[in-house]
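A short worksheet on the structure shown next.
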Amino acid sequence: MAPLVRELPSAETGLAYRVLRELRGQRSYLATLELFVDWVNARERPEGYRLLGAFVEGAADAVGVAGFRRLHTLAWGDMLYLDDLITLPEYRGQGCADALFHWLYDEAKRLGCEQFHLDSGVGPSRDAAHRFYFNHGLAIGCFHFQRQLRGPG
């Protein structure tokens, strides 16, 4: 059965905790459910961040999550930017990420976005994610440069 995909309002931010901790667990603001909910609702949502969850029968919390926002830039115009995408390991290969991507593409079109963007880490552990992105029509369009200024979270 295909997963149910729906947007998570601020009152349901906690339903994404387990999944996003799997992706970004090294951050101090992910140490507890309460810190995570406060970070997302007080800092990220006011900046336009939205959460999307994939749900399957028998699981109360989301088993796949996408965090995204609409951005406007001189370089790319009006776009939907995907900050986070993760499916719990035990649910991979069951269509959760596909369902999330289809919802995101539909939302980008509904919003009138010209482009869809994401950044992805590199290295052998990311090969499956990169195949997924290529299979969904994404291409490598630029290098992303960064410099650490202080410790994470």
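Condition (residue is closer than 25 Å to Ala128 by Cα, in a helix (DSSP H, G or I), under 15 Å from the mean Cα position of the chain (by Cα) and not β-branched (Val, Ile, Thr)) applied to region 81-97: is it met by at least one residue? Please lay out each step first, then the result.
So in region 81-97, the residues closer than 25 Å to Ala128 by Cα come out as 81-97.
Now restrict to residues that are in a helix (DSSP H, G or I): 89-91, 96-97.
Keeping just the survivors that are under 15 Å from the mean Cα position of the chain (by Cα) gives 96-97.
When the remaining residues are screened for being not β-branched (Val, Ile, Thr), the result is 96-97.
Yes; the residues of region 81-97 include at least one that is closer than 25 Å to Ala128 by Cα, in a helix (DSSP H, G or I), under 15 Å from the mean Cα position of the chain (by Cα) and not β-branched (Val, Ile, Thr).
Which residues, counting only those in region 100-120, are surrounded by fewer than 20 Cβ atoms within 10 Å (Cβ to Cβ) and either touching a helix residue (DSSP H, G or I) at 6+ places or on another chain (Cβ under 7 Å) or hydrophobic (A, V, I, L, M, F, W, C) (or both)?
Step one: filter region 100-120 for residues surrounded by fewer than 20 Cβ atoms within 10 Å (Cβ to Cβ), giving 102-103, 105-107, 109-112, 114-115, 117-120.
Passing the criteria: Trp103, Leu111, Leu118, Ser120.
If we scan region 8-21, do we find a residue that is surrounded by 17 or more Cβ atoms within 10 Å (Cβ to Cβ), part of a strand (DSSP E or B) and among the small types (Gly, Ala, Ser)?
No: zero hits.
Please state which of the following conditions Gly137 fails to meet, knowing it meets all the rest: (1) more than 25 Å from Arg6 (Cβ to Cβ); (2) in a loop (DSSP other than H, G, I, E, B).
(1)
List every residue pair whose Cβ atoms lie under 6 Å apart, where the two residues are 6 or more positions apart in sequence or sit on different chains, the first residue falls within region 79-106 and is more than 20 Å from His117 (Cβ to Cβ), and the second residue, located anywhere, is small (Gly, Ala, Ser) and part of a loop (DSSP other than H, G, I, E, B).
As it stands, the answer is Gly95/Ala2, since those pairs meet every condition given.
Among residues belonging to region 48-59 that are more than 15 Å from the chain's Cα centre (by Cα) and free of Cβ contacts under 8 Å to residues at least 40 places away in the same chain, point out the one that is surrounded by the most Cβ atoms within 10 Å (Cβ to Cβ).
In the first step, residues of region 48-59 are kept if they are more than 15 Å from the chain's Cα centre (by Cα); the result is 56-59.
Now narrow it down to the ones that are free of Cβ contacts under 8 Å to residues at least 40 places away in the same chain: 58-59.
Numbers: Gly58: 6, Ala59: 15.
Here the answer is Ala59.
Restricting to region 22-49, name every residue that is hydroxyl-bearing (Ser, Thr, Tyr) and part of a loop (DSSP other than H, G, I, E, B).
Here is the first cut: in region 22-49, the residues hydroxyl-bearing (Ser, Thr, Tyr) are 28-29, 32, 49.
Within region 22-49, Thr32, Tyr49 qualify.
Output the number of residues of region 22-39 satisfying the condition of being modelled with pLDDT of 95 or more and surrounded by 17 or more Cβ atoms within 10 Å (Cβ to Cβ).
Final tally of qualifying residues: 3.
Only residues that are farther than 16 Å from Leu82 by Cβ, within 18 Å of the chain's Cα centre (by Cα) and not in a helix (DSSP H, G or I): list them for region 105-134, please.
Of everything in region 105-134, just one residue is farther than 16 Å from Leu82 by Cβ, within 18 Å of the chain's Cα centre (by Cα) and not in a helix (DSSP H, G or I), namely Val122.
Just to be sure before I move on: is Ala75 outside any helix (DSSP H, G or I), without any contact (Cβ under 8 Å) to a residue 40 or more places away in the chain and over 20 Å from Asn135 (Cα atoms) in the structure I sent? Before you say what the answer is, go through the steps one by one.
Numbers: outside any helix (DSSP H, G or I): yes; without any contact (Cβ under 8 Å) to a residue 40 or more places away in the chain: yes; over 20 Å from Asn135 (Cα atoms): yes.
When the stated conditions are applied, Ala75 passes them.
Could you please let me know if Gln148 is farther than 30 Å from Glu57 by Cβ and touching a strand residue (DSSP E or B) at 6+ places or on another chain (Cβ under 8 Å)?
Values: farther than 30 Å from Glu57 by Cβ: yes; touching a strand residue (DSSP E or B) at 6+ places or on another chain (Cβ under 8 Å): no.
For Gln148, the condition - farther than 30 Å from Glu57 by Cβ and touching a strand residue (DSSP E or B) at 6+ places or on another chain (Cβ under 8 Å) - is not met.
The values are calculated or read from the model by the stated rules, or taken from the named source; none is laboratory data. A quick note: this is a predicted structure, and the numbers were derived from the prediction, not measured. Counting neighbours? That spans all protein chains shown, and the Cβs are built from the backbone with ideal geometry, glycine included.
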